[in-house]
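Readers should treat all values here as calculations from the given coordinates under stated rules, not as data from a laboratory. A quick note: this is a predicted structure, and the numbers were derived from the prediction, not measured. Cβ placement follows ideal geometry from the backbone for every residue including glycine, while neighbour counts extend to all protein chains displayed.
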Amino acid sequence: MVIKGPRPEWLRLLVAGRAPGVSAVAFRDAAAENGRGAWQPLPGLYHTDLIPLARLAIERQQRAMWRLLEAAGAVAVPLPPDWSTARVVHTPEDLVHVRQLAPSDPNPRSAR
């Protein structure tokens, strides 16, 4: 996701998802309730007790964040209403599309 920084409203939603014993809180779209939705791991809240689980996943060549979130039993927070204004980049093709939206941007890694 390419944004200018965490939106305060989004962080408040994530913080509201915290609870004792929860190691991760991240956004997940509404379709996730039916098993079809995608995790949106950034921004997200991650406790340091996830480090051993993350190391194990890396050792097993399982680098997808959604797998870590599933394994950790993460709390899923519904996407904020203005989520569609964010630029989500999952693939090289997505990055090309985002760059085409802002061709005059001299620094392609700058946020929108």
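Dividing the alpha-carbon radius of gyration of region 8-101 by the rule-of-thumb value 2.2 N^0.38 Å gives 1.15. May I ask you to derive the FRET efficiency for residue 64 and residue 22 from their Cβ-Cβ distance with R0 = 25 Å, giving the value to the nearest 0.05? Approximately 0.80, to the nearest 0.05. Sorting the segments 58-65, 22-29 by their mean number of nearby beta carbons within 10 angstrom, highest to lowest, gives 22-29, 58-65. Distance between the 7 Å Cα→Cβ label points at residue 84 and residue 71: 3.5 nm. Using a simple spin-label model with pseudo-atoms 7 Å out from Cα toward Cβ, residue 91 and residue 7 lie 2.5 nm apart.
Cβ crowding within 10 Å ranks 47, 90 as 90, 47, fewest other Cβ atoms first. With the charge dipole of region 8-101 set up from +1 on Lys and Arg Cβ and -1 on Asp and Glu Cβ about the Cα centre, the Cα lying farthest toward the positive end among the listed residues 61, 19, 74 is that of 61. When 10, 39 are sorted by how many other C-beta atoms sit within 10 angstrom of their C-beta, beginning with the fewest, the order is 10, 39. Computed over neighbours whose Cβ is under 14 Å from that of residue 55, the net charge equals +1, Lys and Arg +1, Asp and Glu -1. For residue 15 and residue 51, the difference between the fully extended length at 0.36 nm per residue and the C-alpha to C-alpha distance is 11.0 nm.
Give me the net charge of residue 71's neighbourhood, meaning all other residues with Cβ under 14 Å from the Cβ of residue 71; Lys, Arg count +1, Asp, Glu -1.
Local charge sum for residue 71: +1.
Dipole magnitude for region 8-101: about 180 debye, using +1 per Lys or Arg Cβ and -1 per Asp or Glu Cβ, origin at the Cα centre.
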